[in-house]
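Asks: Input: one structure, supplied below.
The values are calculated or read from the model by the stated rules, or taken from the named source; none is laboratory data. This one's a predicted model, so the numbers in the text were calculated from it and none came from an experiment. Note that we place each Cβ from the backbone using ideal geometry, even for glycine, and neighbour counts take in every protein chain shown. Calculation scope for accessible area: heavy atoms of the full protein, side chains included, ligands and nucleic acids excluded. Shrake-Rupley method; radii C 1.70, N 1.55, O 1.52, S 1.80 Å.
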Amino acid sequence: MSKPHWRPAHASDLPAISAIAARLHPDLPERPEVFMEKMQLYPPGCRVLVAEDAIAGYGLAHPWKLHRIPPLDGFLERLPENAECLYVHDVAVLPDRRGGVARDYVAGIAELAPASGIATLALVSVYATRPLWEHLGFRAVTADGDLRAKLACYGEGATYMLHDLAAT
Ligand SMILES: CC(C)(COP(=O)(O)OP(=O)(O)OC[C@H]1O[C@@H](n2cnc3c(N)ncnc32)[C@H](O)[C@@H]1OP(=O)(O)O)[C@@H](O)C(=O)NCCC(=O)NCCS
């Protein structure tokens, strides 16, 4: 088996992205149009994992404000003018293709940040992925009331996390 690799996502990848999202995030459904909007607003952050000519995962990220969480299944409408972080909306990979690929995706997104004057990555950790993100350099941030309310739509245990790129 050849090593899976990340490449930029294209509009034609949308059915595969939606199918993987539905399989891996059955309790956090999002419409294909919502994925598509992110791909249109920030193509460099939106990638698919290719393994044996098939799509085995996706990663979606876009510039955003710190301590702000876009609503699940909601449109961004536009990117902020003075973005403060690259927000990793999701990374999802089919089980048999995991192992080193989230690390590669995060490294690729981190490379985009300096050109935009950004020094921080952000994400919402769901399920039990917090230790995994900590291992990759993210730290949990205590959520204030507003942030806590927004985290609630990502399910119990959802945690807002930041990765200070200057510290790595
Ligand atoms: C999240 C996901 C993409 C990770 O993919 P992956 O290929 O297994 O991740 P990687 O191996 O690149 O990176 C994980 C790193 O954390 C480590 N890790 C994994 N689980 C860990 C844990 N519980 N505690 C500490 N470290 C952990 C891995 O060993 C690896 O480190 P290494 O590169 O030093 O060996 C995959 O598990 C997935 O698709 N999950 C379902 C969807 C999901 O929950 N997405 C996240 C939404 S926030």
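Asks: Restricting the range 75-97 to residues that are within 8 Å of the ligand (Cβ to nearest atom), of a type outside the set (Val, Ile, Thr) and closer than 22 Å to residue 154 by Cα, which is most open to solvent (accessible area, probe 1.4 Å)?
Replies: Only one residue fits best here, namely 95.
Asks: Since residue 128 meets every condition but one in (1) modelled with pLDDT under 95; (2) open to solvent by less than 60 Å² (accessible area, probe 1.4 Å); (3) hydrophobic (A, V, I, L, M, F, W, C), which condition does it not meet?
Replies: (2)
Asks: Identify all residues within the range 37-67 that are without any contact (Cβ under 8 Å) to a residue 40 or more places away in the chain and open to solvent by 40 Å² or more (accessible area, probe 1.4 Å); write none if there are none.
Replies: Passing the criteria: 40, 41, 43, 53, 54, 65.
Asks: In this structure, does residue 150 turn out to be surrounded by 14 or more Cβ atoms within 10 Å (Cβ to Cβ), of a type in the set (D, E, K, R) and free of Cβ contacts under 8 Å to residues at least 24 places away in the same chain?
Replies: No: the conditions fail for residue 150.
Asks: Restricting attention to the range 122-146, which residues are touching a residue at least 60 places away in the same chain (Cβ under 8 Å) and either touching a strand residue (DSSP E or B) at 6+ places or on another chain (Cβ under 9 Å) or not acidic (Asp, Glu) (or both)?
Replies: The initial filter retains those residues of the range 122-146 that are touching a residue at least 60 places away in the same chain (Cβ under 8 Å), namely 126, 141, 144.
Those that are touching a residue at least 60 places away in the same chain (Cβ under 8 Å) and either touching a strand residue (DSSP E or B) at 6+ places or on another chain (Cβ under 9 Å) or not acidic (Asp, Glu) (or both): 126, 141.
Asks: Next question, about the same structure. Would it be correct to say that residue 106 is surrounded by 20 or more Cβ atoms within 10 Å (Cβ to Cβ), more than 12 Å from the chain's Cα centre (by Cα) and within 23 Å of residue 140 (Cβ to Cβ)?
Replies: It is false that residue 106 is surrounded by 20 or more Cβ atoms within 10 Å (Cβ to Cβ), more than 12 Å from the chain's Cα centre (by Cα) and within 23 Å of residue 140 (Cβ to Cβ).
Residues are listed down the side, and each one gets a yes or a no for (1) in contact with a helix residue (DSSP H, G or I) (Cβ under 9 Å, 6 or more places away or on another chain); (2) of a type outside the set (A, V, I, L, M, F, W, C):
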position: 19; (1), (2): no, no
position: 36; (1), (2): yes, no
position: 48; (1), (2): yes, no
position: 59; (1), (2): yes, yes
position: 64; (1), (2): no, no
position: 98; (1), (2): no, yes
position: 104; (1), (2): no, yes
position: 114; (1), (2): yes, yes
position: 119; (1), (2): yes, no
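Asks: Another one. Take residue 156 and decide whether it is open to solvent by 40 Å² or more (accessible area, probe 1.4 Å), within 22 Å of residue 21 (Cβ to Cβ), free of Cβ contacts under 8 Å to residues at least 24 places away in the same chain and away from the ligand (no atom under 12 Å from the Cβ).
Replies: yes
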